[in-house]
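Asker: Could you have a look at this structure, given as structure tokens, before my questions?
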Amino acid sequence: MSVITTHRDGEVLVIVSDNPPVNALGAAVRDGLVAAMDEALANDDVKTVVIRCDGRTFFAGADITEFGNPKAGSVDLNTVINTIESSPKPVVAAIHGTALGGGLEVALGCHYRVAVPSAKLGLPEVKLGLIPGAGGTQRLPRVVGVEAALPMVTSGDPIPAKLAASIGLVDKLVGEGSLEADAVEFARGVIGNASHPVSSARTDKIAGTGSGVFDAFRKTNARRLKGFDAPEAAIKAVEIATKHPFAQGLPMERALFEPLLAGAQSAALRHLFFAERAANKIDNLPADTPILPIARVGVIGAGTMGGGITMNFLSAGIPVTMVEREQAPLDRGVATIRKNYENTAAKGRITADQVEQAMSLLTPSLSLEDLAQCDLVIEAVFELMEIKKDVFGKLDAICKPSAILASNTSYLDINEIATSTSRPEALIGLHFFSPANVMRMLEVVRGAKTGASALATSMKIAKTIGKVAVVAGVCHGFIGNRILAARQKQGEAMLLEGILPERVDRVLTDFGFPMGPFQMADLAGLDIGWTKETSDPTRINYALCERGRLGQKNGAGFYDYAADRTRTPSDEVNALILDFADKSGLRRSDVSDEEILERLLYPMINEAALILEEHIAQRASDIDVMYVHGYGWPSFTGGPMFWAGTQGLDKVVAGLGKHADKWPDLSISKLLRDKAAKGESFA
Ligand code: 3H9
């Protein structure tokens with residue numbers, strides 16, 4: 001059956017697309033739309049047209065799998081949209097789900113747009129390293145104005161239908177359950193209009209736009225857009241729309257689109273798009289594995305981690321019982337959660353009602369017994385094996401038989417923790433990243449005895465709370481922190497060579513990380529794992545703790561911090577580091593930025609390859625997803641494994657060899673060596 005069908009409702013021709021899963025605008029859809037428009041124009045009884053989609057969504061964009069392999073012989077998207085827009089019979093887009101990218105471009109080509117209230121509309125091309133390539137940057141500002149268009153094309157975030165209606169992108173909100181009927185009625189209502197709006201011909205919203213708007217936007221968003229090519233191209237394209245007639249603007253948009261499509265950043269970001277989806281696919285998990293209902297969650301610990309974890313579920317409308325041992329920290333935890341929500345409300349991102357709604361789902365408690373009815377319990381207590389085992393031993397006696405018992409540990413052996421319960425199949429690692437209410441990454445640790453249901457349910461709940469989940473096997477630090485340790489080790493070694501923290505950090509931020517290892521250490525706190533009694537003054541970060549420099553939290557770590565957290569290099573620390581370097585006899589003055597980068601990143605690639613060899617990660621692209629979402633690896637490079645491929649694995653192996661004296665205990669992965677020898681990548 002054709003993916004595009006038509007049917008008549010009196011003088012209205014309804015065109016329906018049915019191209020699961022997301023009605024991507026592949027060749028068959030494009031050809032079908034043009035044929036259906038020809039049918040509408042050829043038939044005198046048809047006075048108006050409605051375009052809608054079956055399934056879960058309106059067109060979610062161009063078919064990304066076609067990029068780089070154009071389907072010969074079929075019409076392109078611009079032809080489809082031009083056919084719709086130039087139709088003398090009015091065309092109404094009837095939108096549900098998400099009208100994204102090329103999908104919104106089709107809707108903008110229609111004369112009118114109606115949408116159900118739950119729909120979302122956006123131009124997410126920048127997230128794929130692109131700009132809209134079918135007139136989106138030219139029509140959108142003409143319809144909604146430059147100020148509303150710029151955030152949409154540069155962030156790629158979709159906006160809800162209600163907001164779209166308020167800026168003129170949607171003409172009418174219609175019934176959630178009566179989209180086609182309401183759209184047909186709307187279409188009938190416009191038949192007699194003297195003329196119909198043509199987006200590409202409009203100038204009312206863009207007339208008189210000065211270039212100051214664009215420079216101001218660039219300035220305000222400089223930090224967010226740093227390193228990415230596509231947003232700047234999108235700003236340029238919108239500016240073109242304000243300066244040139246549409247007929248000139250369209251090819252100019254194309255001229256900006258084409259090099260992005262052929263470029264390295266888009267290849268990397270498209271790799272990540274598919275990598276995120278592949279991460280949901282789990283080896284050895286039967287498709288019919290039962291997903292357990294999660295109606296109530298328990299969280300043990302009301303500190304930064306416990307509170308952050310709790311917020312994820314409250315925000316998703318799932319009640320949480322949060323347990324602490326004493327009243328004061330419990331009260332502090334509840335107050336922090338409220339404050340976080342209120343801050344978000346103050347920024348206008350949620351309403352005061354939503355704050356109260358979330359808080360009403362929270363039950364603070366001082367008793368583990370109150371977790372008896374929870375379907376999922378997550379502990380976020382102190383990172384010590386004995387304490388974890390004690391908690392799970394108690395939970396074993398308290399929790400209902402079907403409950404999933406999860407540890408938020410970032411290092412400890414899940415298999416050993418599982419020995420403290422009589423139900424190891426219920427035990428799983430759910431490693432949230434701090435701040436847990438903000439960071440999208442979730443490392444799901446599958447123990448040797450973790451049951452299929454516990455795993456499948458954890459992946460499902462991760463999606464419900466908006467996380468990107470990656471499955472890891474058990475080893476010290478799992479995927480994420482084990483790879484990070486390889487970088488930290490080199491960072492510390494560099495200090496002993498007299499390379500100062502600000503230089504190491506700068507090399508990584510130039511590469512695209514939001515912060516370097518020493519900025520990160522200051523943020524986390526230098527005193528993690530440090531006590532006065534066990535301090536080792538030969539380690540620089542412990543020596544800093546001994547001097548009362550505990551990190552950002554007390555204004556002094558590797559850097560000095562002002563009250564507003566502004567960071568400046570510390571003379572005291574730098575003198576100490578150079579002193580360490582002199583005493584160690586390792587001080588060097590000939591280190592290049594290139595060496596710093598190679599020594600920080602290549603051991604990470606090697607550790608990741610070892611992790612693949614040991615089957616701790618299911619696939620290389622999972623590691624990319626984890627590093628981009630959990631550790632700030634710049635997404636425009638595709639993540640560590642994709643990036644290593646773009647460098648050439650032979651270069652990575654050669655680099656590891658070149659600096660071999662800096663990591664005497666490093667064993668180079670066989671997988672990495674073999675792939676390098678064969679000229680392969682990890683893709
Ligand atoms: C564009 O439009 C360029 C134009 O301006 C110019 C052209 C000239 N194509 O995400 P899900 C697959 S660029 C092909 O799990 P959800 C996806 O891989 C495009 N395939 O579902 C997955 O496959 P599998 C601009 C696509 O409900 C399956 O569909 N548009 C596409 O969580 C389900 O996806 C975008 O960037 C596609 N466009 O979320 C929108 N989209 O099952 C990208 C999805 O084999 N898409 N697939 O793993 C999305 O953001 C989400 O998929 C969406 C649904 C929100 C729609």
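Asker: Setting aside same-chain residues fewer than 8 positions from Lys162, which lysines have a Cα under 18 Å from its Cα?
Answerer: Lys120, Lys172
Asker: Let me ask something additional. State the percent of C-alpha pairs, over all pairs in the stretch 288-361, separated by a distance greater than 22 angstrom. The partial results should precede the final answer.
Answerer: Working: 686 of 2701 pairs.
Tail of P(r) above 22 Å: 25 percent of Cα pairs.
Asker: What does the helix-only formula give at 222 nm for the chain: each DSSP H stretch with n ≥ 4 adding -39500 (n - 2.57), the total divided by the residues, and the result rounded to the nearest 500 deg cm²/dmol? Show your work: numbers first, answer last.
Answerer: Values: 28 runs with 319 residues, N = 683.
Value at 222 nm, helices only, nearest 500: -14500 deg cm²/dmol.
Asker: Calculate the spin-label point distance for Lys460 paired with Ala493, positioning each point 7 Å from the Cα along the beta-carbon direction, and give it in nanometres.
Answerer: 4.6
Asker: Another question about this same structure. Using the Kirkwood radius over Cα pairs, work out the Stokes-Einstein diffusion coefficient for the stretch 498-584 at 25 °C and 0.890 mPa s, in µm²/s as a whole number.
Answerer: Numbers: Rh = 13.2 Å.
In µm²/s, the coefficient rounds to 186.
Asker: Please report Rg over Rh for the stretch 4-262, where both radii come from the alpha carbon positions and Rh follows the Kirkwood definition. Please report the intermediate quantities before stating the final value.
Answerer: Working: Rg = 17.3 Å, Rh = 18.2 Å.
Radius of gyration relative to Kirkwood radius: 0.95.
Asker: Hey, another quick one. Quick one: pull the percentage of alpha-carbon pairs in the stretch 115-217 with a separation above 19 Å.
Answerer: 52
Asker: With a cut-off of 16 Å, note down the residues of the stretch 233-270 whose backbone N falls inside the zone around a label point 7 Å from the Cα of Ala683 toward its beta carbon.
Answerer: Hits in the stretch 233-270 for Ala683 at 16 Å: 260-270.
Asker: Now a separate question. For the stretch 440-544, what D do you get in µm² per second when you plug the Kirkwood radius from alpha-carbon pairs into Stokes-Einstein at 37 °C and 0.692 mPa s? Can you show the working numbers first?
Answerer: Numbers: Rh = 16.4 Å.
Rounded, D is 200 µm²/s.
Asker: Still on this structure: Within the stretch 34-74, list the residues whose amide N lies under 20 Å from a label point set 7 Å along Cα→Cβ of Ile191.
Answerer: Hits in the stretch 34-74 for Ile191 at 20 Å: 37-52.
Asker: A further question follows. Could you tell me how far the Cα centroid of the stretch 117-190 sits from the Cα centroid of the stretch 435-504, in Å?
Answerer: Computed from Cα coordinates, the inter-centre distance equals 37 Å.
Asker: While we're looking at this one, here's another question. Can you grab the distance from the C-alpha centre of the stretch 527-582 to the C-alpha centre of the stretch 1-54, Å, no decimals?
Answerer: Here the two parts' Cα centres lie 66 Å apart.
Asker: Relative to the longest principal axis of the chain, what angle (0 to 90°, nearest 10) does the C-alpha long axis of helix 230-243 take?
Answerer: That works out to roughly 30 degrees.
Asker: A further question follows. Over what distance in Å are the Cα centres of the stretch 95-114 and the stretch 255-295 separated?
Answerer: Measuring centre to centre over Cα atoms gives 24 Å.
Asker: What does the extension gain come out to for Met515 and Arg277, with contour length at 0.36 nm per residue minus their alpha carbon separation? It would help to have the intermediate numbers written out before the result.
Answerer: Working: separation 238, 0.36 × 238 = 85.68 nm, distance 2.70 nm.
Roughly 83.0 nm would be gained on extension.
Asker: Multiplying the sequence separation of Asp564 and Thr79 by 0.36 nm and subtracting their Cα-Cα distance, what value in nm do you get? Kindly include the intermediate steps, with their values, before the conclusion.
Answerer: Working: separation 485, 0.36 × 485 = 174.60 nm, distance 5.36 nm.
Between Asp564 and Thr79, full extension yields 169.2 nm more.
Asker: Students often check this: by mean Cβ neighbours within 10 Å, which of 254-261, 560-567 ranks highest, and how do the rest follow?
Answerer: Values: 254-261: 16.4, 560-567: 11.2.
So the order, starting with the most tightly packed, is 254-261, 560-567.
Asker: Still on this structure, I have one more. Compute the acute angle (0 to 90°) between the alpha-carbon long axis of helix 304-315 and the principal axis of greatest extent of the alpha-carbon atoms of the chain; round to the nearest 10°.
Answerer: In the chain, helix 304-315 runs at an angle near 20 degrees to the longest axis.
Asker: Turning to a different aspect of this structure: Sort the following peptides by mean Cβ neighbour count (other Cβ atoms within 10 Å, averaged over residues), highest first: 621-632, 529-540, 396-407.
Answerer: Numbers: 621-632: 25.7, 529-540: 11.7, 396-407: 19.2.
Ranking, from highest mean packing down: 621-632, 396-407, 529-540.
Asker: Restricting to the stretch 297-474, compute how many DSSP beta bridges are antiparallel as a %, nearest 5. Walk me through the numbers before you get to the answer.
Answerer: Details: 4 of 28 bridges.
Within the stretch 297-474, antiparallel bridges account for around 15 percent of the total.
Asker: How far, in degrees from 0 to 90, does helix 620-631 lean away from the longest principal axis of the Cα atoms of the chain, to the nearest 10?
Answerer: Once rounded, one gets 80 degrees.
Asker: Provide the gained length on full extension for the span Ser592 to His615, in nm with one decimal, where the gain is 0.36 nm per separating residue minus the Cα-Cα distance. Don't jump to the answer; show the numbers that get you there.
Answerer: Values: separation 23, 0.36 × 23 = 8.28 nm, distance 3.51 nm.
Between Ser592 and His615, full extension yields 4.8 nm more.
Asker: Counting every Cα pair in the stretch 227-310, what percent are over 18 Å apart? Mind showing how you got there, number by number?
Answerer: On the way: 2419 of 3486 pairs.
For the stretch 227-310, the share of Cα pairs beyond 18 Å comes to 69 percent.
Asker: Which three extents, in angstrom, do the Cα atoms of the chain have along their principal axes, listed largest first?
Answerer: Extents along the principal axes: 89, 61, 52 Å.
Asker: With r defined as the distance between the Cβ atoms of Thr203 and Ile350 and R0 fixed at 35 Å, what FRET efficiency is calculated, to the nearest 0.05?
Answerer: The formula returns an efficiency of 0.45 here.
Asker: In addition: Once you've got the Cα coordinates, tell me which of Lys400/Lys460; Lys388/Lys467; Lys449/Lys678 are over 28 Å apart.
Answerer: Numbers: Lys400/Lys460 20 Å; Lys388/Lys467 24 Å; Lys449/Lys678 37 Å.
Over 28 Å Cα-Cα: Lys449/Lys678.
Asker: Per residue, how much accessible area does the chain have with a 1.4 Å probe, in Å²? Numbers along the way, then the final one.
Answerer: Working: 28880 Å² over 683 residues.
For the chain, the per-residue accessible area is 42 Å².
Asker: If you take every DSSP beta bridge fully contained in the stretch 4-262, what fraction is antiparallel? Give it as a percent rounded to 5.
Answerer: Working: 8 of 27 bridges.
Close to 30 percent.
Asker: So, one more: Once R0 is set to 30 Å, what does the formula 1/(1 + (r/R0)^6) return for the Cβ-Cβ distance between Glu147 and Met359, expressed as a FRET efficiency to the nearest 0.05? Please list the in-between numbers first.
Answerer: Numbers: r = 34 Å, r/R0 = 1.13.
Between Glu147 and Met359 the formula returns 0.30.
Asker: A further question follows. Place a point 7 Å from the Cα of Asp54 along the Cα-to-Cβ direction; which residues of the stretch 1-38 have their backbone N under 11 Å from it?
Answerer: Answer for this model: 1-6, 16-20.
Asker: Which value in nm describes the separation of the simple spin-label points at Asp582 and Ser211, placed 7 Å from the Cα toward the beta carbon?
Answerer: My value for the distance between the label points is 5.4 nm.
Asker: Extending each Cα 7 Å along its Cβ direction at Lys162 and Lys532, get the distance between those two points in nm, one decimal.
Answerer: Taking the simple label geometry, Lys162 and Lys532 are separated by 5.6 nm.
The values are calculated or read from the model by the stated rules, or taken from the named source; none is laboratory data. All of these numbers come straight from a predicted model, not from anything done at the bench. Cβ sites come from the backbone with ideal geometry, for glycine too, and all protein chains shown count toward neighbours. The accessibility values were calculated without ligands, DNA or RNA, using every heavy atom of the protein model including side chains. Shrake-Rupley method; radii C 1.70, N 1.55, O 1.52, S 1.80 Å.
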